[in-house]
Each structure stands twice: as structure tokens, then as C-alpha cells.
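What follows is a set of notes on a single structure, which appears directly below.
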Amino acid sequence: MIRALFHIATILLLTILTQIGGLAWLLALLVRRTVLAFVTFYAILSGATVFLAPQFGRVPLDCASDGPLAMQSFFYCALNRHYVSPELAEVLTDTATEMDRRYPGTTTLVLDANFPFFDGFPLLPHLSHDDGEKVDLAFYYADESGYLPGATRSPIGFFAFEDGPTTCTPSFPSLRWDLGLLQPLWRDHVPDVRRNRTALQILAGDPRVGRIFVEPHLLQSWNVSHPSIGFQGCNAARHDDHIHLQLR
């Protein structure tokens, strides 16, 4: 009984984290060396997903790119969280290309995007990344020497918050985590105001983009204002560590 519950829990967890991992574990149970079989099946399924995803209106972002647009970490690719609609892929490519044109050597980093299959399948802990039309971008960072290409404060780009005034009060349930114990662990970088402001202006001016979420205190300090840029609400995750955008 305990063994069966373990496998059920593993299948559920892997499905939640990667969408296809639960199926890979289920197939691996048919083989004696379960862990090795899981890795093999997961790699095969991940490879097949690249070719199957377009049938569901999704395409993978390039995980090996070192150009103007890149995944922040292979972690997102390994978990199959790097899929977007073809239109959103074009928006990201166009934005990164324009950023590199204005500021040569600039790298636009993608964080969480979407799973490859099925609208409505949640990409936890996000509330809305379920249709291929949403994506999170890392902030552009600098230090005393200037812009830092491809750098983020935390290893995965998330959870390195830029504290500032807020009207939100603690509530439950809420995804608005502060994660105070982690903050001293992050790199001592600061947002590159000029590049972040420019990226937001480019995205806001793109007719394909519907909404952009960034914390109000950052918008104020960066002097950015546009009807499509707003606040995600107090029950959603904080957006003073990344930029969320979605198609119209």
C-alpha cells in the first residue's frame, strides 16, 4: 500500500512539475531499474514533445541560444516550461532584437513560459500560464561597472525581490511570498533602470501584447506608465523580481 501511494504521489508531482514526467515514471514502472528507465523515458518524451507541441499551438524557445533572446536557465527547458504560442515567440524575438539594436550586447532572458500541451493545464505556482500566451522575463541587471549581460540576482531569476512601498497587507491564501530568509543569499546586483524601462516601453507599444505586470513602486521609480502595464493584484505572486507579459 505504501509503495503504491509513493508511486501515485511521484506521478502526480512529476506531472505538476513537468507535465510529461508522470507518464515517464509510469512507463518506468514497467522496467526493473526504475530511476534509470525514468531518465531514459523522460528524455525520449521530451524530445518527442518538441515535434508534437506545434499540434497544440505551442513552439519551444531555443534552449541553446546565446543570442539576444535566451532562456535564463536550462532548468526551465529540462522541466518543459519553455513553450509558447508562435505569436508570443515572435513578440519575444522582436523585443530582444530591438533591445540589442538599441543597446548592443543586451540579452533578454526568459524565465517560466508554458507547458507544451493542453490549454487550461496549470503551470504552478503561476495562476495564468496555461495557454501558451503568457511568459515571464528576467529583469536586466547591472553593478557598479555597468550592465551585466545574462546576469540575474538569483540562480533561477525569480524571488530576488526589489523592496518598495506597497498597499498589500498579509493575507491567506496568497502567493505573495516575501521569502525573507532567502534575500541575503542573492547577488548584489541592481536593476538596470534604462534597459528595464526601454523593454517595458517596447512591449507596451507592441499591439500584440495585452497586459504587462510589474510592481507599482518599480514603475514609479523607473518612470514608466502605459495603460497595458499594471498591477497583478495582492493575491498573485510579487512582480518586483520579473516582468510578466501576455498576449492581447
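The values are calculated or read from the model by the stated rules, or taken from the named source; none is laboratory data. These numbers were taken from a predicted model, which means no experiment stands behind them. In this analysis, Cβ positions are derived from the backbone assuming ideal geometry, glycine residues included, and neighbour counts consider all displayed protein chains. Just the protein is used for accessible areas: all its heavy atoms, side chains included, with ligands, DNA and RNA removed. Shrake-Rupley method; radii C 1.70, N 1.55, O 1.52, S 1.80 Å.
Spin-label pair TYR147-TYR103: with each label point 7 Å from Cα along the Cα-Cβ axis, the two points sit 0.5 nm from one another.
One chain, two ends: PHE121 and SER65. Fully extended at 0.36 nm per residue, the span grows by 17.5 nm beyond their Cα-Cα distance. Its relative contact order, with pairs defined as Cα atoms under 8 Å and 6+ residues apart, puts the stretch 1-146 at 19 percent. Per the Kirkwood formula applied to alpha carbons, the stretch 157-248 shows a radius of gyration over Rh ratio, Rg over Rh, of 0.96. For ASP100, ASP188, the ranking by accessible surface with the largest value first comes to ASP188, ASP100, using a 1.4 Å probe. Adding -39500 (n - 2.57) for every DSSP H run of four residues or longer, then dividing by how many residues the chain holds, sets the calculated 222 nm ellipticity at -10500 deg cm²/dmol.
The average projected area of the stretch 1-131, computed from the convex hull of its Cα atoms over all directions, is 8.9 nm². Taking every C-alpha pair closer than 8 Å and separated by at least 6 residues, the mean separation divided by the residue count of the chain gives a relative contact order of 16 percent.
Calculated FRET efficiency, LEU12 to PHE231, Cβ-Cβ distance, R0 = 25 Å: about 0.15 to the nearest 0.05. Residues in the stretch 102-165 average 39 Å² of solvent-accessible surface per residue, probe 1.4 Å, ligands and nucleic acids excluded. Which residues does the label zone of GLU90 cover in the stretch 166-209, counting backbone N under 11 Å from a point 7 Å along Cα→Cβ? Backbone N within reach: 208.
Ordered from largest to smallest accessible area (heavy atoms of protein chains, 1.4 Å probe), the residues THR108, THR10, THR93 come out as THR93, THR10, THR108. Its Cα gyration tensor gives the chain an equivalent ellipsoid; the semi-axes, largest first and in whole Å, are 33, 21, 17.
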